[in-house]
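Report on the following structure.
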């Protein structure tokens, strides 16, 4: 149809592909650190692609800004969570993670 | 565009269900935590796609809350072991 | 058609999560499944066109409630350890 639709038709399936890669990596990879790597990287990239694909379709520029803010927050939360889990697993001093 | 967004949301939901297996099965608590994190990130994706697909812009705010609270559960789980209390 | 499939996947996984959370013996596993259930229920509310309820569910059910219950499960486990398997 239009250029915007074409753009979304490329980025949305690509984003879904990255999400699927993250899920399969989480299920199949052998140890905790590789699974952490698959989870955080693939998912954040997939979400970024999805948000790029959705940006032309929101109603106002403010909503677009909110989408970008969501992506930045997810990046921050993913990095924090991955760092915490990896540190506790590496030192073995987590209370719940034995 | 609405059909495309809905199809993408369906694919994402399938991927989420795969991640759910990890939450159900995962041997350690860390594996379950990672499964929950995956659910959170994919859930944000599904919500954003739904916001376009069923034309409800308010769902973007729900996704924002998901993103804000994603780190809370991870931080709550990864508390460091304190010194053992005396008997 | 796509929407129907979407709803079916949503409901089937929601029920699976609920049953798994209710039938799990270990408290920490139950809490993890409860957090996942809250995230999923927020998606269901979003699909039903109720963003306000989804907002509350994501914030209270999945985020804060999950973190508080994790702390409670940890405390219960510590007490059980201290009293040697009792209580």
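The values are calculated or read from the model by the stated rules, or taken from the named source; none is laboratory data. Model, not experiment: these values are computed from the prediction. Cβ sites come from the backbone with ideal geometry, for glycine too, and all protein chains shown count toward neighbours.
Annotations for the structure displayed:
- Set side by side, the residues B:71, B:75, B:63 differ, and just one is more than 7 Å from chain C (Cβ to nearest Cβ), within 25 Å of residue A:65 (Cα to Cα) and modelled with pLDDT under 90, which is B:71.
- When residue A:65 is tested against (1) surrounded by fewer than 14 Cβ atoms within 10 Å (Cβ to Cβ); (2) modelled with pLDDT under 90, exactly one condition is not met: (2).
- Residue that is nearest to the chain's Cα centre (by Cα) [pool: residues in the stretch B:1-47 that are more than 7 Å from chain A (Cβ to nearest Cβ) and not in a helix (DSSP H, G or I)]: B:26
- The lone exception for residue C:5 - which of (1) facing chain B (nearest Cβ under 10 Å); (2) in a loop (DSSP other than H, G, I, E, B) it fails: (2)
- Residue check, residue C:25 in a loop (DSSP other than H, G, I, E, B) and exposed (fewer than 13 other Cβ atoms within 10 Å of the Cβ): yes
- Condition broken by residue B:44, with the remaining ones in (1) free of Cβ contacts under 8 Å to residues at least 12 places away in the same chain; (2) buried (at least 24 other Cβ atoms within 10 Å of the Cβ) satisfied: (1)
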